[in-house]
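Notes follow once the structure below has been shown.
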Amino acid sequence: MKILKEKLFQVITYAAALFTIASLLGIIAGIFGRGLPFFGKVSLPEFLFTNSWYPTHAEQSFGAWALIAGSLAVTLGALAIAIPLGLGSAIFIAEIASSRLREIAKPVIELLAGIPSVVYGLFGMAFLAPLVRQWFDLDSGLNLFTASVILGVMIVPIVSSLSEDALSAVPHNIREASLALGATRAETIFKAVVPAAKSGIIGSVLLGFGRAIGETMVVLMVSGGAARIPGSIFDSVRPLTSTIAAEMGETVMCDLHFQSLFALAILLFAITFVTNLLSEAAFGKRRHG
Amino acid sequence: MKPRQTLNLAATLLLGSLLLVTALFLLLFLIRMFSLGGSVLSWEFLTTGPRNAMTQGGILPALVGTLLLTALAMLVALPLGVLTAVWLTNYGRPAWLVRLLRIAINTLAGTPSIIFGLFGMALFVNFLGWEVSLLSGGMTLAILALPVIVNNTEEAIRTVPPEFRDASLALGATTRQTITRVILPTALPNILTGAIISVGRVAGETAPIMFTATTFFAKGLPSGLRDDVMALPYHIYALMTEGTHPAAQVPIAYGTALVLLLMVLVISSVAIFVRYSIRRKRQW
Amino acid sequence: MKKVILTTILLTLLALPALAKGNRLTCSGSTTVLPIAQATAEAFMNANPELDISIRGGGSGVGIAALMNGTVDIACSSRTMKAKEITQAKSKGLNPTPYAIALDGIAIVINSANPVKNLTLKQIRDIYTGKIKNWSEIGGNKAPIVVISRDVASGTFEVFNEKALAGAKVVSTAQLLASNNAIATTVGNTPGAIGYIGLGYLTSSIKSVSVEGISPNSASVKDGSYPLARKLFMYTNGKAAGAANRYIAFIQSAAGQKIVQEQGFITLN
């Protein structure tokens, strides 16, 4: 009886673990099952490298290059904001600030990471976009720049909290050795501590990248939605995620357009999957002690 | 020496100002949300449904919808996640399966939420025929929350000192008894606070429920799991994009956003506070 | 103990799908029809408190697909069903029945500071295909035209595409926004913008231009002289019955049509 209970418990936990794996397989099957048939009708190079997204036109064309470029542009723009702000904050908190500020800053950052993206989207749409339009005298404030700023601020907590962890994990004797050799604090930070925490910082940036490229609501509400390759930071763009969210509602179930949106999802999944592997590699085994 | 000192000072100032800019931007964001949202917030706003073509009234159905979706998601994800973490930390054999599970958890954690939405639509709404419903949305959110809970629980279990486990086993307890009577109770506060933080995240998700659970307008509360529901995050999006009376509806969107924000911030800050004080108090 | 809890949870999970759907009338589809459906449903439920109606957006395509899958009772559509959709329905043995509930003109809108008053269909087509790039080419100020369009997949776009563009491709620099409201807001904020929206979405910061000399208003939409007019529909499977029938009848009644008008759309007659 006792052995039976033991076995049963083990089997239940085993089943839960298998369910977790099955969820991922289910997602892969669900996305690929609906997206792959698309590539039977539209070739992969045409999908990836031509620039003409007219999915509902009489002569349909499914060139997603502008959407990919839109996603990359917004994400890189967000990183251009998030890396200096997030990394700068992390270094300040970990290396310069008093332990009192550190104790407040850490939970606050964690809290900020939980702010729902749709709230940022609302803020971007109703507040920042009109301002951006005025400041730069633009035709429209819904553009690459505004989306990047909002998205960038959104991923600051990710970049900064993980970088801070990496910096804090650098052994103290490295700092002490550097200071003892007569280096200033700034020199110690940038020549000794940051290089020692390099892989963790890169990992945090990669995670930020993955989060930004997969974010939907902010870009759906703020990026403007023109399917073209942006020529300036004030052009409107149409990232992959907002294309899926905006067009899914209007497709005819299981037609080519429907499948094309799942093909975009495969692409997005592949990008985040690779990003994830890279960031795991950067963090190394340290995280799972 | 001089230029090096100047450089040192400049670097410190630069780093400090980067933190300041971040803090100021977030402060501006929070002030804006609180001042605009606060002006429409009232008891009536929380306890009545939308009225007069959604230009007046409150957000009760959306509030209830979000609570139900979140509760359902956690009801499913919490046991599954905890059990998965128990397997991972205590049984974990064969090794290749552990590796596969880790890949699955990390991949799920990094997958964009819109993909969960598509998956939920394909599997729950269409394939299983659950339609756009509380059930479909709750299950989609459960799978979204699963990796976070597994990771949290695993971390919590790993903070339980190995001596506890060894002592329990040495006293003749079985593995199961050790897990359910020693390890899980000891790790419970950390498991729960982790879970509560993920509640905040789940409540604020929009993309996964857009195609699986939400409706633009419903008078009453859902009468069953197969009904569609209003939800706070979707309500914000819908008011901003589908509303016909922006002058009246943008303030309501701000009010809804403030309610959602407060909900998420209060829930998470309680959990974070509890967790930090547990860590400080811990004796082993 | 633990096992009991687990078994309960497991059983509940298995039992969940079996739970019956509430007696809610669901209505899904076109975002253009959304305000009418929402406002009339609200009024109808106030008069009949025992009824429970849920109004979902999604888009015309989603509504019609959901109707064919039997997952909604009513599909709202800002266009008639496509041939492909009708074939699909017939093959499933379904017979979707359209009910006209309101008329709508697609208004071509510009910023209220823009002096342009009239555009021909050809000018609209040239603007949207990128041949005309500056307002000065059509008698306006010297300012670049900011072309704003709806998502290529929306019902509004489909009607605009057919009636105004005659199938020509929208220039790729056009901003594609996801809703009528987003277009109204953007055009209101953008001095050089042009966009198109359902008449119900006109606000004070934007103005509509007349097309081929005919301004979009209730008379010109009703008599069909305004070139960009359309009917809005609700579809049911077979003849509408029960609560769905009462609800649609209410929209078509004088009281319902009054709400249609209040929401800025054109009544049926």
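Side notes on the structure shown:
- Residue, surrounded by the fewest Cβ atoms within 10 Å (Cβ to Cβ), within region C:52-77, restricted to residues that are modelled with pLDDT of 85 or more and part of a loop (DSSP other than H, G, I, E, B): C:52
- In region A:129-175, residue nearest to residue A:190 (Cα to Cα) [restricted to those that are among the charged types (D, E, K, R) and in contact with a helix residue (DSSP H, G or I) (Cβ under 7 Å, 6 or more places away or on another chain)]: A:175
- Qualifying positions in region C:144-172 - surrounded by fewer than 20 Cβ atoms within 10 Å (Cβ to Cβ), more than 24 Å from residue C:62 (Cα to Cα) and in contact with a strand residue (DSSP E or B) (Cβ under 7 Å, 6 or more places away or on another chain): C:144, C:171
- Scanning region B:78-124 for residues being among the aromatic types (Phe, Trp, Tyr) and within 7 Å of chain A (Cβ to nearest Cβ) gives a total of 3.
- Flag: residue A:269 matches the condition of being closer than 27 Å to residue B:234 by Cβ and of a type in the set (Phe, Trp, Tyr).
- Condition met for residue A:89 (facing another protein chain (nearest Cβ under 8 Å), buried (at least 22 other Cβ atoms within 10 Å of the Cβ), assigned to a helix (DSSP H, G or I) and touching a residue at least 24 places away in the same chain (Cβ under 8 Å)): yes
- In region C:253-263, the qualifying residues are those that are of a type outside the set (Lys, Arg) and surrounded by fewer than 18 Cβ atoms within 10 Å (Cβ to Cβ), and the one that is farthest from residue C:101 (Cα to Cα) is C:262.
- Looking across region B:29-57, the residues that are within 27 Å of residue A:113 (Cβ to Cβ) and open to solvent by 80 Å² or more (accessible area, probe 1.4 Å) come down to B:31, B:34.
- Taking the numbered list (1) open to solvent by less than 50 Å² (accessible area, probe 1.4 Å); (2) outside the structural domain of residue C:77 (by TED's automatic domain parsing); (3) over 24 Å from residue C:115 (Cβ atoms) in turn, residue C:269 passes all entries but (1).
- Here the condition is being at pLDDT 85 or above and within 14 Å of chain C (Cβ to nearest Cβ); of A:262, A:258, A:273, it holds for A:258 alone.
- Selection within region B:1-13 - at the interface with chain A (Cβ under 7 Å from one of its Cβ atoms), surrounded by fewer than 16 Cβ atoms within 10 Å (Cβ to Cβ) and closer than 30 Å to residue A:109 by Cα: B:7
- Checked against (1) modelled with pLDDT under 85; (2) open to solvent by 30 Å² or more (accessible area, probe 1.4 Å), residue B:244 passes all but condition (2).
- If the condition is being facing chain B (nearest Cβ under 8 Å), outside any helix (DSSP H, G or I) and at pLDDT 85 or above, then region C:15-51 contributes C:26, C:28.
- Single residue of region B:259-272 satisfying the filter (within 7 Å of chain A (Cβ to nearest Cβ) and touching a residue at least 12 places away in the same chain (Cβ under 8 Å)) that is surrounded by the most Cβ atoms within 10 Å (Cβ to Cβ): B:260
- Residue in region C:246-256 that is touching an Asp or Glu at 6+ places or on another chain (Cβ under 8 Å), outside any loop (DSSP other than H, G, I, E, B) and touching a residue at least 40 places away in the same chain (Cβ under 8 Å) present: no
- Test result for residue A:101, open to solvent by 10 Å² or more (accessible area, probe 1.4 Å), at pLDDT below 90 and assigned to a loop (DSSP other than H, G, I, E, B): no
- Scanning region B:15-40 for residues that are within 8 Å of chain A (Cβ to nearest Cβ) and farther than 13 Å from residue A:93 by Cα yields B:21, B:25, B:26, B:29, B:32, B:33.
- The strands (runs of 3 or more DSSP E) found wholly in region C:83-198 and carrying at least 1 residues that are within 18 Å of the chain's Cα centre (by Cα) and within 11 Å of another protein chain (Cβ to nearest Cβ) occupy C:146-150, C:175-177, C:193-198.
- The set of residues in region A:255-275 being open to solvent by less than 10 Å² (accessible area, probe 1.4 Å) and of a type in the set (Gly, Ala, Ser) consists of A:260, A:263, A:265.
- When the criteria are applied in full, residue A:60 meets the requirement of being in contact with a Leu (Cβ under 8 Å, 6 or more places away or on another chain) and of a type in the set (S, T, N, Q).
- Being within 11 Å of chain A (Cβ to nearest Cβ), touching a residue at least 40 places away in the same chain (Cβ under 8 Å), within 30 Å of residue A:244 (Cβ to Cβ) and among the β-branched types (Val, Ile, Thr) holds for only one residue in B:241, B:256, B:214, and it is B:256.
Rundown of residues vs (1) of a type in the set (A, V, I, L, M); (2) more than 26 Å from residue B:275 (Cα to Cα); (3) touching a Ser or Thr at 6+ places or on another chain (Cβ under 9 Å); (4) open to solvent by less than 10 Å² (accessible area, probe 1.4 Å), yes/no style:
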site: B:150; (1), (2), (3), (4): yes, no, yes, yes
site: B:160; (1), (2), (3), (4): yes, no, yes, no
site: B:185; (1), (2), (3), (4): no, no, no, no
site: B:188; (1), (2), (3), (4): yes, no, no, no
site: B:192; (1), (2), (3), (4): yes, no, no, no
site: B:196; (1), (2), (3), (4): yes, no, yes, no
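The values are calculated or read from the model by the stated rules, or taken from the named source; none is laboratory data. For clarity, every value in this text was computed on a predicted model and none was experimentally measured. Methodologically, a virtual Cβ is constructed for each residue, glycine included, from the backbone with ideal geometry; neighbour enumeration extends over all protein chains shown. Please note that ligands, DNA and RNA were not included when accessible areas were found on the heavy atoms of the full protein model with its side chains. Shrake-Rupley method; radii C 1.70, N 1.55, O 1.52, S 1.80 Å.
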